[in-house]
Amino acid sequence: MSDNTSRETLGFQTEVRQLLQLMIHSLYSNKEIFLRELISNASDAADKLRFEGLAEPGLLGDEPELSISVEYDDKARTLSVIDNGIGMSREELIDNLGTIAKSGTTEFLKQMSGDQLKDARLIGQFGVGFYSAFIVADKVSVETRRAGLDADQAVRWESDGEGEFTIESITRSQRGTSVTLHLKDDAGEFCKGSRVEHLIRRYSDHIAFPVALVDRNDADKEPRVVNSATALWTRSRSELSDEEYREFYKHLSHDFTDPLTWSHNRVEGKREYTSLLYIPSSAPFDLWNRDAPRGLKLYIQRVFIMDDAEQFLPLYLRFVKGIVDASDLPLNVSRELLQQHPDLVSMRSALTRRVLDMLAKMAAKKAGDYETFWREFGQVLKEGAVEDPANKDKVAKLLRFATTHGEGKQDQSLDDYMGRAGKEQDKIYYLLAENHLMAAASPHLEGLKKNGIEVLLLTDRIDPWVVESLGEYDGKPFEDVARGDLELPEGEGKLTQDANDQANKPFLKKLRRVLKDRVATVTVSRRLVESPACVVAAADELNPQLRRILEASGQELPESKPTLEINTGHPLLTKLSAEPDDKRFEMLSNIVLDHALLAEGSQLENPAEYVRRMNDLLLELDSAPGSG
Ligand code: ADP
């Protein structure tokens with residue numbers, strides 16, 4: 001235990017060092033947020049002690065009242081945030097204030113650009129926390145004693161925020177943590193009573209513990225509680241301002257951008273609980289890490305129980321932040337017990353519906369906000385179409401797509417699409433492609449465009465599963481325009497070309513013969529107008545785009561040959577059908593097929609062969625008259 005008493009100097013983890021630099025630089029114009037962060041941490045520490053005290057009442061000892069005080073000293077130019085919460089042991093202190101535990105931090109830091117505004121936003125998504133103290137302080141001193149440990153097992157942590165910190169053992173009579181900031185020259189405002197009081201009222205009014213203000217230079221002045229000290233969600237909606245809701249969100253999420261919207265509800269009756277759910281305005285840096293902590297903060301009868309209770313909402317709503325305060329769950333509930341609790345199923349489905357309704361309301365009333373939401377979280381919400389069959393209609397209404405009607409932005413709803421489709425159109429047409437450029441230029445769209453039929457252009461990885469799971473919308477099935485026989489709506493000029501098929505019979509037969517190793521068959525197309533040819537998959541085969549995704553993820557799929565569709569009105573095909581030389585016919589047919597495959601984004605099985613064919617063709621050009 002000898003090294004437990006000595007003073008040690010330790011280096012910050014590289015990520016902490018980078019974060020500190022960035023924070024000081026990019027949050028300079030938002031300096032004051034540090035106070036909200038430190039009071040939030042103090043409140044979390046009090047919450048944690050109250051929770052641990054449920055199982056081990058001795059931890060609260062002779063100091064059962066949990067509180068926070070903010071002490072300013074105008075002469076010494078210091079500001080301290082003090083709590084009598086859970087405190088930290090030596091090991092916890094080194095881990096918590098020397099490293100960053102979030103996975104993906106390194107990747108996150110790489111995104112930083114040096115542009116102050118942009119970086120400030122990014123850091124907001126990351127969550128600022130304790131290190132924000134260094135925006136206003138050139139030295140920070142933390143003294144802490146973990147609940148349950150003796151006075152001489154306390155520790156002091158000190159740093160100037162450069163690259164190192166020191167740790168030493170101290171004696172501390174009080175349980176909990178005191179964070180003292182030695183203010184920088186330009187941060188003198190934060191040791192003035194009126195300024196500090198204003199900030200606490202503004203940012204931390206909703207903290208559920210009393211926050212007292214203390215002037216260290218005036219022993220006669222009594223400490224004064226300056227916040228309302230009631231849990232915000234227990235107050236009624238009518239007495240809460242938007243500002244208060246926003247501040248509570250920031251305390252909860254450590255995000256310092258405003259949320260887009262929220263929903264605050266009390267459910268009474270058989271199961272009683274209150275929920276307050278927020279939709280953030282920007283995605284967190286670890287949104288795509290499926291193992292990242294997510295979920296609501298759980299309270300039971302106002303006692304904090306756990307962070308990140310993921311049981312209350314499905315994975316596809318992982319962007320929602322908020323709290324749920326249940327009256328009827330047992331106080332000693334663990335994650336495992338919670339998972340099995342009979343009330344959970346109904347609470348989860350009610351909360352899920354609440355979020356979906358909140359989104360529907362935003363889509364209807366605040367189009368601009370919904371656009372922001374969709375940009376940040378749309379891809380995640382799409383997972384709901386696949387994973388939540390019970391709510392699939394609600395989710396489908398919330399989806400937004402790019403279509404041949406728009407400019408390439410994902411901003412059209414299925415209702416928008418249906419509104420424009422003629423009554424006689426009994427299908428919802430879609431095209432899957434790698435990106436919007438390829439989708440918009442796809443030969444598969446030609447016939448539909450000519451007939452004025454709108455097509456959804458789907459380019460997200462998850463899209464094939466979305467249309468598959470939805471199956472239909474409003475009674476109309478989804479139809480892949482690159483698969484099977486394309487049936488265009490009756491009356492819109494159905495391109496029946498039976499006569500044409502008949503006339504081309506010998507040509508088709510010849511093509512089928514020379515291409516038999518590469519295609520299932522060759523047919524006259526109903527979907528082409530300008531392009532000479534395209535490939536399509538059979539109706540019961542995988543869509544080629546989906547096949548590429550699956551193959552890229554390492555799945556072995558049975559081999560399948562596409563159908564080649566030709567546009568007999570195209571001069572290239574006219575020329576080909578009149579080609580007398582068998583060798584040339586074979587070469588040109590293969591090139592037509594190669595190009596159809598390339599146009600839809602497929603890889604050629606034998607690119608070298610293709611290059612050889614093209615070279616032969618180019619050589620022919622060379623000997624043509626006029627080519628020099
Ligand atoms: P975050 O609060 O987002 O986890 P911070 O950087 O603010 O990140 O804090 C890191 C950790 O340090 C916290 O998770 C907590 O465990 C610990 N900590 C910070 N402040 C206190 C405090 N006042 N009392 C006890 N623990 C604290």
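The values are calculated or read from the model by the stated rules, or taken from the named source; none is laboratory data. Predicted, not measured: the structure shown is a model, and the values here were computed from it. Positions of Cβ are generated from backbone atoms using ideal geometry, with glycine treated the same way; all protein chains shown enter the neighbour counts. For accessibility, only protein heavy atoms count, side chains too; no ligands or nucleic acids. Shrake-Rupley method; radii C 1.70, N 1.55, O 1.52, S 1.80 Å.
From the list S132, S141, exactly one residue is in the same structural domain as T78 (by TED's automatic domain parsing), touching a Ser or Thr at 6+ places or on another chain (Cβ under 6 Å) and either open to solvent by 60 Å² or more (accessible area, probe 1.4 Å) or among the small types (G, A, S) (or both). Which is it?
Criteria check complete, one pass: S141.
Taking the criterion of being within 9 Å of the ligand (Cβ to nearest atom), within 36 Å of the chain's Cα centre (by Cα), small (G, A, S) and farther than 24 Å from M23 by Cβ, would at least one residue in region 87-99 satisfy it?
Yes, that holds for at least one residue.
Determine, yes or no, whether V81 is assigned by TED's automatic domain parsing to the domain that holds C191 and closer than 17 Å to R145 by Cα.
Spelling it out, V81 is indeed assigned by TED's automatic domain parsing to the domain that holds C191 and closer than 17 Å to R145 by Cα.
Within region 340-372, count every residue that is touching a Phe, Trp or Tyr at 6+ places or on another chain (Cβ under 8 Å), charged (D, E, K, R) and farther than 30 Å from S327 by Cα.
Final tally of qualifying residues: 0.
What is the one condition in (1) open to solvent by less than 50 Å² (accessible area, probe 1.4 Å); (2) of a type in the set (S, T, Y); (3) over 26 Å from the mean Cα position of the chain (by Cα) that S238 does not satisfy?
S238 satisfies all of (1) open to solvent by less than 50 Å² (accessible area, probe 1.4 Å); (2) of a type in the set (S, T, Y); (3) over 26 Å from the mean Cα position of the chain (by Cα) except (1).
Can you name the residue in region 328-364 that is outside any helix (DSSP H, G or I) and free of Cβ contacts under 8 Å to residues at least 40 places away in the same chain and, of all such residues, is nearest to L398 (Cα to Cα)?
H341
Mind counting the residues in region 585-620 that are of a type in the set (S, T, N, Q), open to solvent by 70 Å² or more (accessible area, probe 1.4 Å) and over 45 Å from the mean Cα position of the chain (by Cα)?
Summing the residues that are of a type in the set (S, T, N, Q), open to solvent by 70 Å² or more (accessible area, probe 1.4 Å) and over 45 Å from the mean Cα position of the chain (by Cα) in region 585-620 gives 1.
Could you say whether any residue in region 253-269 is in a strand (DSSP E or B) and without any contact (Cβ under 8 Å) to a residue 24 or more places away in the chain?
yes
Give region 32-62 a look and list any residue that's more than 11 Å from the ligand (Cβ to nearest atom), closer than 21 Å to S173 by Cβ and either open to solvent by less than 60 Å² (accessible area, probe 1.4 Å) or not assigned by TED's automatic domain parsing to the domain that holds H206 (or both), or say none.
Hits for region 32-62 are G53, L59, L60, G61.
Taking region 539-559, which residues are assigned to a loop (DSSP other than H, G, I, E, B) and either open to solvent by 40 Å² or more (accessible area, probe 1.4 Å) or assigned by TED's automatic domain parsing to the domain that holds D485 (or both)?
Passing the criteria: A539, D540, E541, L542, S553, G554, Q555, E556, L557, P558, E559.
Considering region 401-419 alone, what residues qualify as being under 20 Å from L317 (Cα atoms) and either part of a strand (DSSP E or B) or not assigned by TED's automatic domain parsing to the domain that holds V466 (or both)?
Scanning region 401-419 gives a single hit, F401.
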